[in-house]
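S.K.: Here you go, one structure.
The values are calculated or read from the model by the stated rules, or taken from the named source; none is laboratory data. Quick caveat, the model's predicted, so the values are computed rather than measured. Quick reminder, even Gly has a Cβ in these numbers, built from the backbone with ideal geometry, and neighbours come from all protein chains shown.
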Amino acid sequence: MTPKTYTNTQASRALNRKGFREKKGRKNHRIFELVVNGKITHIRTKISHTRKGSISGKLRKLMARDLKMDGGNQFNEFLDCPYTLSQYLVDLQANGHLP
């Protein structure tokens, strides 16, 4: 089975829907920070500004690590929507990443 590839646009839309706030980063990246109850957390990742870019393989694993996820499959579910924001927050709390 071929791993799923996402465009930068698909990933940024999914992150925005799941409680992440986008801000322009330095140089060529956009930073996405998780906001919980109006407060910015330390959970963040970045995506290239380029619209033609894609997220697959190693980059997907790195972003999953940034977001404190178990791996690429959990990241795929997060972007595809079966893995909800509330489930994500529960997992972050259970693993000690959020109070």
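S.K.: Condition first: under 11 Å from the mean Cα position of the chain (by Cα) and either modelled with pLDDT under 85 or of a type in the set (Gly, Ala, Ser) (or both). Now tell me which residues in region 77-95 satisfy that.
M.R.: Hits for region 77-95: nothing passes.
S.K.: Give me the strands (runs of 3 or more DSSP E) completely within the chain, filtered to those with at least 1 residues that are surrounded by fewer than 14 Cβ atoms within 10 Å (Cβ to Cβ) and out of contact with any strand residue (DSSP E or B) (no Cβ under 7 Å at 6 or more places or on another chain), ordered by residue number.
M.R.: Qualifying strands (runs of 3 or more DSSP E): 39-48.
S.K.: Can you say whether Leu98 is touching a helix residue (DSSP H, G or I) at 6+ places or on another chain (Cβ under 9 Å), at pLDDT 85 or above and either under 20 Å from Thr9 (Cα atoms) or among the polar types (S, T, N, Q) (or both), as far as the supplied structure shows?
M.R.: Against the criterion (touching a helix residue (DSSP H, G or I) at 6+ places or on another chain (Cβ under 9 Å), at pLDDT 85 or above and either under 20 Å from Thr9 (Cα atoms) or among the polar types (S, T, N, Q) (or both)), Leu98 does not qualify.
S.K.: Could we say that Gln93 is in contact with a Phe, Trp or Tyr (Cβ under 8 Å, 6 or more places away or on another chain) and over 17 Å from Phe32 (Cα atoms) here?
M.R.: no
S.K.: Turning to a different aspect of this structure: Do any residues in region 48-61 that are among the basic types (Lys, Arg) have Cβ atoms under 8 Å from those of residues that are in a loop (DSSP other than H, G, I, E, B) and at pLDDT below 75, where the two are at least six apart or on different chains, and which pairs are they?
M.R.: Every condition considered, the pairs that remain are Arg60/Pro3; Lys61/Gly71.
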